[in-house]
1. Please work out how much accessible surface THR315 shows to a 1.4 Å probe, ignoring ligands, DNA and RNA, in Å² rounded to 10.
2. What part of the accessible area of the stretch 144-236, given as a whole %, is carbon or sulfur when the probe is 1.4 angstrom?
3. In debye, nearest 20, what is the charge dipole magnitude of the stretch 103-179 about its Cα centre with +1 on Lys and Arg Cβ and -1 on Asp and Glu Cβ, if you could check?
4. Quick one: what are the phi-derived ³J(HN,Hα) couplings along the stretch 349-364, Karplus 6.51/-1.76/1.60 with θ = phi - 60°, whole Hz, x for glycine and proline?
5. For the stretch 6-52 and the stretch 335-364, write down the distance between their C-alpha centroids in whole Å.
6. In debye, nearest 20, what is the charge dipole magnitude of the stretch 131-246 about its Cα centre with +1 on Lys and Arg Cβ and -1 on Asp and Glu Cβ, if you could check?
7. Considering only C-alpha atoms, what is the centroid distance from the stretch 275-325 to the stretch 219-258, in Å?
8. When N is the residue count of the stretch 167-305, what does its C-alpha Rg come to as a fraction of 2.2 N^0.38 Å?
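The values are calculated or read from the model by the stated rules, or taken from the named source; none is laboratory data. Since the model is a prediction, treat every value here as computed from it, not as a measurement. Glycine gets a Cβ as well: all are built from the backbone with ideal geometry, and neighbour counts include every protein chain shown. In case anyone asks, the SASA skips ligands and DNA or RNA and just uses the protein heavy atoms, side chains included. Shrake-Rupley method; radii C 1.70, N 1.55, O 1.52, S 1.80 Å.
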Amino acid sequence: MPSQSPAIAHGARLTIDLDAIVANWRRLGAVAPSVECSAVVKADAYGCGLAAVAPALAQAGCRSFFVAHLEEGIAARACLPDADIYVLNGLAPGSGAMFAEHRLVPVLGSHEELAEWAALSESARPAALHVDTGMNRLGLRVPEAVALADDPLLTRAGIRLLMSHLVSAEKPDEPVNGRQIEAFAALREALPGIPASLANSSGIFLGAAAHHDMLRPGYALFGGNPTPYSAANPMRPVVRLDSPILQIREVEGGATAGYNGRWQAPSPRRLATLSIGYADGYPRSASQTGHALVDGVACPILGLISMDLIILDVTDVPGARRGAMATLIGDRLDVDTVGRAAGTIGYEILTGLGSRYVRSYTGG
């Protein structure tokens, strides 16, 4: 059965700018030009499509990639035959052989993982060591890691990268940033000679003390703002989400719209129904708080977002018509703005992008 072309598709259209992703990677790397800049491409490259994004970054010169799970690592290896691929969530019991087969680098965060990895054959190496400096999520505690300085287990496990994760890098005035940077510096002194990585997207902008040997941007690559405290987002927008208007209708004052009649017209209004809903990954929590742009005009979402449909008030857009496109992400509705309107963060908007869109890529 032939695939449906965008010209006749009824659903929403997702456009991803690969050139913008590459430009963002270069912009982030330029902050510390002597430091390797890797790319975090977990969660299907933050919803943008690993199979398209990762090769574009590799062609631009990126050599190291981070994913969350073994399965993501295997998928990344299929499109990155020569890259270093790190798996952040570590070594699940009994999974070492699969890591070795696909030449994946586990990020080890416990003595059990270290011992299991070290027990494998030479071909299973290398690995990274995750040390917790404040997140209390994954990784060895700092004293545990320091105690490995004279332990042959560290050598047998083939540790070639020392890493930790910042708690509040997007808030540079938070004291925890300084404490983590100091703890990580002390850790490096106790375990000399191992390349190290601390800075995530926002951490890159905390200064040279956070840079070390490898930067690990993720969200910022895909257009998210790594410096929300500043006036402008230094990243180029990557994602655009548009949906066709399926129907226009006029309603009288007092009429309701959507499930449970949550919205009631204060006066005669003109409504547009879009071909997108929460089954497409657009958050239901944006009901009556989110907007879409029609002819550049911000049109409020009315009532409850349905599984497949969203209703807009287009009274102030005389040119709105059946078949016209409404923009839900794009122009001045960036992923951070959409996230705030839905009571969440732009990360969740990106990683929740659904599979029903007509996807297209530009650049690359």
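1. THR315 exposes around 50 Å² with every protein chain in place.
2. The C+S portion of the solvent-accessible surface of the stretch 144-236 is 53 percent.
3. So the magnitude is around 200 debye.
4. In residue order, the calculated couplings are 4, 5, 6, x, 4, x, 9, 8, 5, 6, 8, 9, 10, 10, x, x Hz.
5. 12 Å
6. That gives the stretch 131-246 a dipole magnitude of about 320 debye.
7. When both Cα centres are located, 9 Å separates them.
8. 1.61
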